[in-house]
1. I'm checking my understanding of the structure. Among residues of the stretch 134-163 that are small (G, A, S) and touching a strand residue (DSSP E or B) at 6+ places or on another chain (Cβ under 7 Å), which one is surrounded by the fewest Cβ atoms within 10 Å (Cβ to Cβ)?
2. Here is a list of conditions, (1) buried (at least 18 other Cβ atoms within 10 Å of the Cβ); (2) touching a residue at least 40 places away in the same chain (Cβ under 8 Å), and W82 meets all of them except one; can you say which number that is?
3. Kindly indicate whether any position in the stretch 145-161 is free of Cβ contacts under 8 Å to residues at least 24 places away in the same chain and of a type in the set (S, T, N, Q).
4. Could you list, in sequence order, the residues of the stretch 139-175 that are within 26 Å of P219 (Cα to Cα) and in contact with a Leu (Cβ under 9 Å, 6 or more places away or on another chain)?
5. Could you check how many residues of the stretch 207-227 are β-branched (V, I, T), outside any strand (DSSP E or B) and either at pLDDT 80 or above or within 17 Å of the chain's Cα centre (by Cα) (or both)?
6. If you take just the strands (runs of 3 or more DSSP E) that sit entirely in the stretch 72-186, which of them hold at least 2 residues that are at pLDDT 95 or above and among the hydroxyl-bearing types (S, T, Y)?
Amino acid sequence: MKNTRLISLLAAGALFSAASASASVVVAYWAQNDNDLPGGGFGFIEGAFPQAADIGSGALTVGGGLLLDTVVNANDDTVHQWVPSFIGTTVNAQDGFEGGGSLSIQGGTVTDGMAANNGSWWQVEVSMSGLTDLVFSFAARGTSSGFNNNQLSYSTDGVYFTNFGDPFNSSQTSFLAYEFALGDLLDNEASVFLRVTLDGATGATGNNRFDNITVTAIPEPSTYAMLFGALALAIVALRRVRR
């Protein structure tokens, strides 16, 4: 009787594993709710990047333009001058996460009507080992003088990047969700870099804000096939014992 019950449980587990083969998992998620903003200001503290993921494993960094420039605030804290954390949203948030802050990037010094941080970027690095069908998503909004011509690109070495899709405009005043399904382009890659390059800002404090940054993927079928095979062998062994 016990063997019969165990066989039933193993069979159910095998069926569940097979069904799960097409279910996505969170590879990495950045909620932007616990940003270190010393002195009551909005600027990220120096050393805040790379930023570790809140769920999963990954690193978020910023670069280009003046994004690494720092200033000393009224409390003698050294903070990023052009990378603040304004109020965020629950759009695209994972279960259990409330709205908090955001990764905000400002235009920077303006010369001849163009902001210095045009061409700057933020990116995430994750591993796709054993994973397929990457989907990259986030919530974003902006201001009228912020970045209105942004481009997603990807890389497997962090040096050479390939554009993906058309440029997108996230300068609207309400948060919207943006999603990019990269299909099989990055399946099983040990290192994957997803970069958003910003352009089109005309104001020093014009900005775009990014929140609930998420990478999901589907575990390789071979992972589930191995589990299914092990379960099947266990069932056969139990049946032999019963005889």
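The values are calculated or read from the model by the stated rules, or taken from the named source; none is laboratory data. Quick caveat, the model's predicted, so the values are computed rather than measured. We place every Cβ from the backbone using ideal geometry, glycine too, and count neighbours over all the protein chains shown.
1. Among residues in the stretch 134-163 that are small (G, A, S) and touching a strand residue (DSSP E or B) at 6+ places or on another chain (Cβ under 7 Å), the one surrounded by the fewest Cβ atoms within 10 Å (Cβ to Cβ) is G158.
2. Condition (2) is where W82 drops out.
3. no
4. Within the stretch 139-175, A139, L152, S153, Y154, S155, T156, T162, N163, F164, G165 meet the criteria.
5. Number of matching residues: 0.
6. 131-142, 150-155
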